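Enquirer: Sharing a structure with you now.
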Amino acid sequence: KERLLNVHAAPSPDDVNWPTLTRSWWQRQSRPIIVLPLILFIMLLPIGAFSGAFAQLTIAVCGSPADPTKEENTSWYCSADPWANFFRNLVTSLAPTLLLSLYHMCILPVLVYYAAQAEGQQTSLSGLDRRCCSLFFYWDVFNVFLGAMLGGSVIAELPTYIEDPTQIWNALSAAIPSSSNFFINYVAYRALVMAWFRLWYPHLGTTVSMLKWMRILPWAKSPREKALESPIRNCRYGRDIGIPVLMNFVMVMAYCVVSPLILPFGLLYFILLWSVWRYQMLYVYQRSYESGGLFWPLVAHRVVICLFICVLFTSVVFVLKEAYTQAALMLVSLPLYLLRYDIYISKRYDQVVEQIPLTAVHQAGRVASVDPTIWHPPPLREGAEGWHPQWGVVWQYWGVPRYSL
């Protein structure tokens with residue numbers, strides 16, 4: 001009888017995720033298990049391995065100069081023809097980066113949002129956005145980082161594994177660092193192209209305007225159509241932090257020791273991204289909810305995990321290169337320091353953002369009663385004129401549904 005109710009602090013009226021509140025207790029218990037296969041499918045869909053395989057395609061087909069024992073390939077793709085060289089560079093550098101960018105810009109956000117909403121666990125829009133951010137981070141680590149690294153390495157050295165399985169250890173020691181080409185190209189592409197491109201192309205409404213400017217689509221004929229052709233959107237914090245920020249943190253931190261060339265591109269990307277985001281937050285995007293700073297601890301803990309990935313990945317490379325002393329020193333010292341720092345972040349910031357400061361309570365004064373209609377859905381309030389299609393959607397005008405299965 002003491003466990004009949006679970007009481008949680010109510011989110012602000014503009015932060016309520018109404019579809020979750022309509023779920024029964026049985027649905028809230030069973031939905032995470034039902035949605036788990038969809039989440040695993042998203043995480044394990046080998047888009048990262050496929051992109052990494054493109055980056056290693058030339059080595060797999062033509063061989064590596066470091067391996068003179070492999071028979072030379074005399075096909076046009078591996079020839080010294082200038083056009084063949086241009087095509088090889090295009091396939092191994094630009095194609096995997098564009099493929100990955102298009103996937104996580106158009107397809108992945110809808111899948112992740114749908115899965116997070118279908119779980120039926122988040123009673124607030126900000127909580128739903130943070131859940132999306134967590135799922136994006138898992139995708140960054142397991143799909144993009146591990147998939148691109150191991151996928152490219154396996155394809156590059158597959159003939160070696162088949163001919164002599166005893167050479168797997170030596171093959172991995174050479175192939176894992178060589179997969180850094182994909183990550184360096186990707187971070188450089190994000191820094192030199194996508195950061196500026198985001199300033200010019202903040203959302204899909206830009207495409208509609210371009211098509212109308214080229215007379216492919218008709219211009220608006222009424223004030224209503226004009227208001228809907230380029231509506232004010234909010235920032236997709238879960239996606240924009242989970243992929244553009246945390247994915248680059250994972251890549252840069254993992255390869256900062258193995259391939260230091262990635263560091264200047266990573267620094268340039270975050271410098272440009274800060275200026276672009278600052279402009280868009282002030283003049284482009286509109287706030288749709290207020291979480292009270294709950295996103296900051298989530299991002300801080302994920303950055304600590306990125307540092308731990310750096311330590312673990314660098315230690316593995318040391319072991320593959322038979323530098324056992326350096327690997328042991330890293331694994332013994334740095335993880336304990338990172339764990340202590342993560343505990344400090346939890347004590348210092350997590351509890352602060354979850355509770356209201358006493359100064360704010362004192363300034364607000366005592367309230368005799370709270371109007372119960374303040375938490376009514378806006379379309380059901382007296383004087384409401386109907387339901388807006390984007391009401392209750394955490395990412396407004398981004399093509400995601402309010403409801404799920």
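The values are calculated or read from the model by the stated rules, or taken from the named source; none is laboratory data. Predicted, not measured: the structure shown is a model, and the values here were computed from it. Here the Cβ positions follow ideal geometry from the backbone for every residue, glycine too, while neighbour counts run over all protein chains shown. Protein only, heavy atoms only, side chains kept; ligands, DNA and RNA dropped before computing areas. Shrake-Rupley method; radii C 1.70, N 1.55, O 1.52, S 1.80 Å.
Enquirer: Output needed: Cys residues of the chain lacking any neighbouring Cys C-beta below 4.7 Å, sorted by number.
Expert: Among the cysteines of the chain, those whose Cβ sits 4.7 Å or more from every other are 106, 132, 133, 235, 256, 306, 310.
Enquirer: Quote to one decimal, in nm, the extra length available between residue 44 and residue 354 on full extension: 0.36 nm per residue of separation minus the C-alpha distance between them. Don't jump to the answer; show the numbers that get you there.
Expert: Numbers: separation 310, 0.36 × 310 = 111.60 nm, distance 3.33 nm.
Once the chain is fully extended between residue 44 and residue 354, it gains 108.3 nm.
Enquirer: Figure the gain on full extension for residue 27 and residue 384 (residue separation times 0.36 nm, minus the Cα-Cα span) and round it to one decimal in nm.
Expert: 125.5 nm
Enquirer: Can you find, among 47, 301, 86, the residue farthest towards the positive end of the dipole of the chain? Put +1 on the C-beta of Lys and Arg, -1 on that of Asp and Glu.
Expert: Of the options given, the answer is 301.
Enquirer: By per-residue mean of other Cβ atoms within 10 Å, what is the highest-first order of 230-239, 268-277?
Expert: Sorting 230-239, 268-277 by mean packing, highest first, produces 230-239, 268-277.
Enquirer: Taking the Cα centre of segment 246-400 as origin, sum charge times position over the Cβ atoms of Lys and Arg (+1) and Asp and Glu (-1), and report the length of that vector in debye to the nearest 20.
Expert: That gives segment 246-400 a dipole magnitude of about 360 debye.
Enquirer: Also, I was wondering about something else. Taking all protein chains together and a probe of 1.4 Å, list 131, 224 from the most accessible to the least accessible.
Expert: 224, 131
Enquirer: Given the options 22, 207, 314, state which has the largest fluctuation in a GNM of the chain using a 10 Å cut-off (strictly under) for Cα springs.
Expert: 207
Enquirer: I've got another one for you. What's the magnitude of the charge dipole for the chain around its Cα centre, counting Lys and Arg as +1 and Asp and Glu as -1 at the beta-carbon? Answer in Debye, nearest 20.
Expert: That gives the chain a dipole magnitude of about 1260 debye.
Enquirer: May I ask for the net charge around residue 122, where only other residues with Cβ less than 12 Å from the Cβ of residue 122 are counted and Lys, Arg are +1 while Asp, Glu are -1?
Expert: It works out to a net charge of +2.
Enquirer: Under a 1.4 angstrom probe, counting protein chains only, how are 113, 397 ranked by accessible area, largest first?
Expert: Largest accessible area first, the list is 397, 113.
Enquirer: Could you tell me what a quarter of the Cα convex hull surface of segment 223-300 works out to, in nm² with one decimal place? Intermediate results must be reported in sequence, preceding the final value.
Expert: Details: hull surface 26.9 nm².
Dividing the Cα hull surface by four gives the mean projection, 6.7 nm².
Enquirer: Once you treat every alpha carbon in segment 304-348 as an equal point and sum by Debye, what is log10 I(q)/I(0) at q = 0.22, 0.24, 0.26, 0.34 Å⁻¹?
Expert: Values, matching the q order: -0.68, -0.76, -0.84, -1.12.
Enquirer: Here's a follow-up. Past the 27 angstrom mark, what percentage of all C-alpha to C-alpha distances in the chain do you count?
Expert: The proportion of pairs with Cα distances above 27 Å equals 61 percent.
Enquirer: Now a separate question. Taking K and R as +1 and D and E as -1, what net charge do the other residues with C-beta under 14 Å from the C-beta of residue 183 add up to? Don't jump to the answer; show the numbers that get you there.
Expert: Details: positive: 190; negative: 140.
Counting the neighbours of residue 183, the net charge comes to 0.
Enquirer: Ok, one more. So for the chain, taking the charge dipole from beta-carbon charges (+1 Lys/Arg, -1 Asp/Glu), which of 106, 361, 337 sits furthest toward the positive end?
Expert: Checking the options against the dipole of the chain, the answer is 361.
Enquirer: Can you give me the orientation-averaged projected area of the convex hull built on the Cα atoms of segment 250-342, in nm²?
Expert: For segment 250-342, averaging the hull's shadow over all directions gives 7.6 nm².
Enquirer: Continuing with this model, one more query. Mind giving me the nanometre distance, one decimal, between the label points for residue 163 and residue 138, set 7 Å out from Cα along Cα→Cβ?
Expert: 4.1
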